[in-house]
Amino acid sequence: MKIEAILTEFLEHTQRSKNIDMGGSVAAVNDDQKNLLVNNLIRENQFNKSLIVVITAMFVVLFGVAIFFCFYYRNSPQTMGIIFGGSFLGIMGIMKALQGVWEKKCKMDMLLTIIPNISAEQVVVVIETLLNEKPATASVN
Amino acid sequence: MANYPSHIRNAELPVKTDQCILAFTIPLSQREFFDHVKKPEKDFARNCCSSWSKYRKEVVEVLSELEPGYKRLGVQIIHRLKANDLNSCFTQKCRYMILIAHWYCNEVEFYDQMLSCTEFASVIPEDYDGIIDLCVCTPEPLAQIIKDSRPDCTIRYSHTRASLSFWLQFYNVFFHTIHKDELSPNEAFEKVTKEFLNQL
């Protein structure tokens, strides 16, 4: 499950995903809902850690296979060129996947550091900010 | 302007967009939002909006996108409407006044203070015969008091909770319809409502 999906599910579960109305008040969020979110994030974070190990292992295997083929076909420059090209493209793909998982892991680590230490109401503010805003790229006053 | 029989109410007469006012009592910037969050007497920013980021995305950004269009049509936009300034909205020139405000404990939250139903109604000139569109959540008691005390005035309001981003879009189409087709508010409202329902 994507991190955005976990956070959106939390907002739906706490009835905070609705549009802003001109009357009434937003539903209260309790600690049970907050703890459920923390548990979901921990579970997803563990899955991500395993994913990082698998992708890194694939990275190493691909590198090893490429070296093996380089030695095996050392007398055939054309084959070596294909091996180099193929392994380069493969490694680029793995790097991209690793970067995506790493970004998710950073976000989850940040949330898992912040969320247990703030109130349930503040959790909503953090999540809505994370879902609606992008990191600042210029200095703010 | 054509002469209409006196029994025809204003809501049935064509209105021009430069006779319309769109007044906001709610905060429309980050500073205003956090100022209201800090004030215990303010309910809207504190209890109706989870966070500034959501409010910015749903309200402030939508309004800043639509406001130039409203102004091009000649609609008068009032930001940060205070209770004392409400009276100035009910001029002879203003035939259609839309009030975007929060309703809490039978009172309307203005930018500076709350106003009870009777206080609100007393501000309206006795001979005012325009239309007041209350984009306020379920303001039946207020509407009833205005109807009773200002019989010439036409009141429009929704029976259900109003989602602000929806209404901002709705009024955008509404003003364009009034401007283009020279319809009465009633006809324009019906036409725009049908258009919105068709899109569902």
I'd like to check something: does the stretch A:40-55 contain any residue that is open to solvent by 70 Å² or more (accessible area, probe 1.4 Å), of a type in the set (S, T, N, Q) and within 14 Å of another protein chain (Cβ to nearest Cβ)?
no
Looking at the stretch A:3-32, which of its residues are surrounded by fewer than 17 Cβ atoms within 10 Å (Cβ to Cβ), within 14 Å of another protein chain (Cβ to nearest Cβ) and among the polar types (S, T, N, Q)?
A:8, A:15, A:17, A:19, A:25
When you check residue A:66 against the structure, is it of a type in the set (A, V, I, L, M), modelled with pLDDT under 90, exposed (fewer than 15 other Cβ atoms within 10 Å of the Cβ) and more than 25 Å from the chain's Cα centre (by Cα), yes or no?
no
Flag for residue A:79 being free of Cβ contacts under 8 Å to residues at least 40 places away in the same chain, among the hydroxyl-bearing types (Ser, Thr, Tyr) and closer than 25 Å to residue A:14 by Cβ:
no
Please verify whether the stretch B:57-65 includes one or more residues that are part of a helix (DSSP H, G or I), on the phi < 0 side of the Ramachandran plot, more than 14 Å from every other protein chain (Cβ to nearest Cβ) and out of contact with any Gly (no Cβ under 7 Å at 6 or more places or on another chain).
yes
Pair list, Cβ under 7 Å, 6 or more apart: the stretch B:59-75 residue more than 17 Å from residue B:167 (Cβ to Cβ), other residue surrounded by 13 or more Cβ atoms within 10 Å (Cβ to Cβ)
B:71/B:77; B:74/B:17; B:74/B:18
Counting only residues that are hydroxyl-bearing (Ser, Thr, Tyr) and assigned to a helix (DSSP H, G or I), which one in the stretch A:101-141 is nearest to the other protein chains (Cβ to nearest Cβ)?
A:129
Based on what the data block shows, is residue A:74 out of contact with any Ser or Thr (no Cβ under 8 Å at 6 or more places or on another chain), in a loop (DSSP other than H, G, I, E, B) and either buried (at least 16 other Cβ atoms within 10 Å of the Cβ) or among the charged types (D, E, K, R) (or both)?
yes
Quick check: anything in the stretch B:127-140 assigned to a helix (DSSP H, G or I), open to solvent by 50 Å² or more (accessible area, probe 1.4 Å) and within 12 Å of chain A (Cβ to nearest Cβ)?
yes
Tabulated pairs, the stretch A:122-141, first within 19 Å of residue B:34 (Cβ to Cβ) and open to solvent by less than 60 Å² (accessible area, probe 1.4 Å), second among the charged types (D, E, K, R) and part of a loop (DSSP other than H, G, I, E, B), C-beta under 8 angstrom, 6+ apart or interchain
A:124/A:16; A:128/A:16
Against the condition over 30 Å from residue B:107 (Cα atoms), of a type in the set (Phe, Trp, Tyr) and modelled with pLDDT under 90, how does residue A:71 come out, does it pass?
yes
In this structure, does residue B:44 turn out to be open to solvent by 20 Å² or more (accessible area, probe 1.4 Å), within 14 Å of chain A (Cβ to nearest Cβ) and touching a Phe, Trp or Tyr at 6+ places or on another chain (Cβ under 9 Å)?
no
Please count how many residues of the stretch B:141-162 are hydroxyl-bearing (Ser, Thr, Tyr) and surrounded by fewer than 19 Cβ atoms within 10 Å (Cβ to Cβ).
3
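The values are calculated or read from the model by the stated rules, or taken from the named source; none is laboratory data. Since the structure is predicted, the reported quantities are computational estimates derived from the model, not experimental observations. We place every Cβ from the backbone using ideal geometry, glycine too, and count neighbours over all the protein chains shown. Each accessible area value is taken on the protein alone, full model and side chains, heavy atoms only, with ligands, DNA and RNA left out. Shrake-Rupley method; radii C 1.70, N 1.55, O 1.52, S 1.80 Å.
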